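The values are calculated or read from the model by the stated rules, or taken from the named source; none is laboratory data. Only a predicted model underlies this, so the values are computations on that prediction, with no experimental measurement involved. We place every Cβ from the backbone using ideal geometry, glycine too, and count neighbours over all the protein chains shown.
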Amino acid sequence: MRTEARFPKVPAEDGHYESFYLKAAAPEGGRAVWIRHTVHKRPGERPTGAVWMTWFDADRPGPVAAKHQVAADEISVPDKAYVRVDESEIAPGRVQGVINNGTSASWNLRFKDHGGPLHHFPAQWMYERPLPRTKLLSPHPSASFDGILDVAGERVTIEAWPGMVGHNWGSEHAESWIWIHGATVGEDGSRGYVDIGAGKAKLGPLTTPWIVNGEIVHRGERLRVGGLGRALRTRIDAEPTSCRFTVGGEDLVANGAVSAPRDRFVGWVYADPVGPEHHSLNCSIADLEVHVSRSGREDISIRVEGGASYEFGTRRTDHGVDVQPFPDG
């Protein structure tokens, strides 16, 4: 197991949130599924769980979304699984579940790995200590999915869809955040990806600059980008439906852009264990372009059309994206 659920060890008096999620996109672009399993715990209270699903189809007028929330007794960590929420379970190599709450959806998927895990933070202590308050890793940053998805009366056959499985947790969400993921398959069959997370943290009355951590994989080469030491040289121009970024690595600079039309985004309410809510805006059929300049080496250009994920987390409410009517927490 490349990661494990943290919520069973959280003291009763503490707050906590945790998420295991996946994204799988059609190789030709324009269709993708995003599934999320969460645990939310307010200080001194028992946790709640939820299963979230969004089906993105460029031929539809907008995303199809569903969510099912449950009490603590319906959350568990089965043997050889990451987490189970009611009838939905995510484990290494498989994901299955069902939602019958307004929009009906069910899925039975299997996935293969095409590389090792990605720990966005450079040091293990950052995952073990209270700070940073938000932890992020991708146990399966490069995967391919097969199986069946039934959503809103439509059956979708998923065959070799590239995607990923992620895991995050903490005592509170970042003040603002972005997450970008795009999977690539080369003409020679080589697998690659762009997996970048960035956040602004609240430190008393101050808010930090964007801090980026991530990785670009191209033709088997893993290129780390970001880090606390490069924060002042990082540029992030993030808006609700688009982002341009410049981030450095060892002897490299990556410039990129990700975007999608507003009507292809889904909006969700994300609750913190303590404090006000965020809106999380997500599109998993976005367009992504990245250009990597390397000192003394050939440049790299990456493009994902209609199959990249862009998530924008914010306290803003003027973003113009329809927010789903489901409460959180």
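The figures follow:
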quantity	calculated
Of all residues in the stretch 125-139 being among the charged types (D, E, K, R) and part of a loop (DSSP other than H, G, I, E, B), the one that is farthest from V64 (Cα to Cα)	R129
Residue, surrounded by the fewest Cβ atoms within 10 Å (Cβ to Cβ), within the stretch 265-292, restricted to residues that are out of contact with any His (no Cβ under 8 Å at 6 or more places or on another chain) and over 29 Å from W161 (Cα atoms)	P276
Any pair with Cβ under 8 angstrom, 6 or more apart, that starts in the stretch 124-136 at a residue that is under 22 Å from H181 (Cα atoms) and without any contact (Cβ under 8 Å) to a residue 24 or more places away in the chain and ends at one that is of a type in the set (A, V, I, L, M, F, W, C) and not in a loop (DSSP other than H, G, I, E, B)	Y127/L137
Selected residue [assigned to a loop (DSSP other than H, G, I, E, B), modelled with pLDDT under 95 and on the phi < 0 side of the Ramachandran plot] from P122, P43, P61	P122
Filter result for the condition that a residue is closer than 22 Å to G115 by Cα and surrounded by fewer than 21 Cβ atoms within 10 Å (Cβ to Cβ), over D146, D150	D146
Filter result (part of a helix (DSSP H, G or I) and in contact (Cβ under 8 Å) with a residue 12 or more places away in the chain) within the stretch 1-40	F7, P8
Residue count for the stretch 219-243, restricted to those that are surrounded by fewer than 15 Cβ atoms within 10 Å (Cβ to Cβ) and either at pLDDT 95 or above or not aliphatic (A, V, I, L, M) (or both)	9
